[in-house]
1. Quick one: Cα convex hull volume of region 95-224, Å³ per residue?
2. Given contacts defined as C-alpha pairs under 8 Å and at least six residues apart, what's the relative contact order of the chain, whole-number percent?
3. If the limit is 18 Å between Cα atoms, which of Lys167/Lys238; Lys121/Lys190; Lys22/Lys190; Lys201/Lys238 go over it?
4. Residue-wise, which Karplus ³J(HN,Hα) couplings in Hz belong to region 102-115, taking 6.51 cos²θ - 1.76 cosθ + 1.60, θ = phi - 60°, and x for glycine or proline?
5. May I have the pair-distance distribution P(r) for region 6-85, computed from all Cα-Cα distances with 10 Å bins from 0 and rounded to whole percent?
6. Find, to one decimal place in angstroms, the Kirkwood hydrodynamic radius of the chain, where the mean of 1/r is taken over every pair of different Cα atoms and then inverted.
7. Could you tally the net charge around Glu206, taking each other residue with its Cβ under 11 Å from the Cβ of Glu206, Lys/Arg +1 and Asp/Glu -1?
8. Just order 102-108, 177-183 by mean Cβ neighbour count inside 10 Å, highest at the front, would you?
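Since every read-out is calculated from the coordinates, none of them should be taken as a lab result. Fair warning: this is a prediction, and the values are worked out from it, not measured in the lab. Every residue, glycine as well, gets a Cβ built from its backbone with ideal geometry; the counts of neighbours run over all protein chains shown.
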Amino acid sequence: METKIYKNPVIAAKETALTVAKAVNENPGKLFCFAAGDTPMGMLGELVELQKAGKTDLNSVYYAGLDEWLGVGYKDKGSCAQVMWDNFYGSAGILPERINIFDGLTGDPLAEARQMDAWIKQHGGIFFTVLGIGLNGHIGFNEPNTPGSDSCSVVLLDNVTLEASKKYFDTPQTLSKGITINWKTLLEAKEMVMMAMGENKASIVEQSFKGPIDPGVPASLMQRHKNLVLVLDEAAAKE
Ligand code: F6R
């Protein structure tokens, strides 16, 4: 594992975007998978700028949405679909046929999981993923002790995650489940960047990467990844 510590989230976003753009430029046709949430938004914004400046072609690769809250869709401000379309896919002008995301409004979550499995398989697995870390150590919606699987998972959301969900939505939601690419599939990605910013992530970063591998702290499972790059700002690196 390589750890990169930047003075602040703005510099971390710029540098990580350059790394991702290089990977895009060198690997046309590959599958990229980015977390939604607050952490990668600066980096995704920088990627949009690189696209506008002609420094990368974000339409040369494919995308798999990492996760979604079940019960919400694009029209719900705060859903992963809305956040990713409005801040990345849409603003970068990425063609819809390059993108596959979970439909949180589906009546059949298992079918939704299977269609994402098929998309990932069709594109030769995930090539490059950029992940965030939840306050309970979750990655995607792989909550503590989510079993490893070769298929996407429907998960019962942890109370820590339900509490954190309030920061994304502008209207109250009755959420209880999520759908996510399983951590085992993420571990198979060729390249992995995990980002954490801010003092409130310092403790979970320490638990995940200084402690032992523990299924109760899903981010720690990523210690097994050969090419993991952990990107922190100074505040998140405090511990
Ligand atoms: C969202 C996702 C989550 C977030 C995590 C951190 O698609 O995959 O695992 O990365 O909850 O969220 P933020 O970045 O908002 O602190």
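1. Hull volume normalised by residue count: 129 Å³.
2. 25
3. In this structure, Lys167/Lys238 lie more than 18 Å apart at Cα.
4. In residue order, the calculated couplings are 6, 8, x, 9, 4, x, 9, x, 5, 5, 5, 4, 5, 5 Hz.
5. P(r) over region 6-85, rounded to whole percents: 18, 45, 31, 6.
6. Value: 17.6 Å, from the Cα pair sum.
7. +2
8. Ranked from most to least packed, the peptides come out as 177-183, 102-108.
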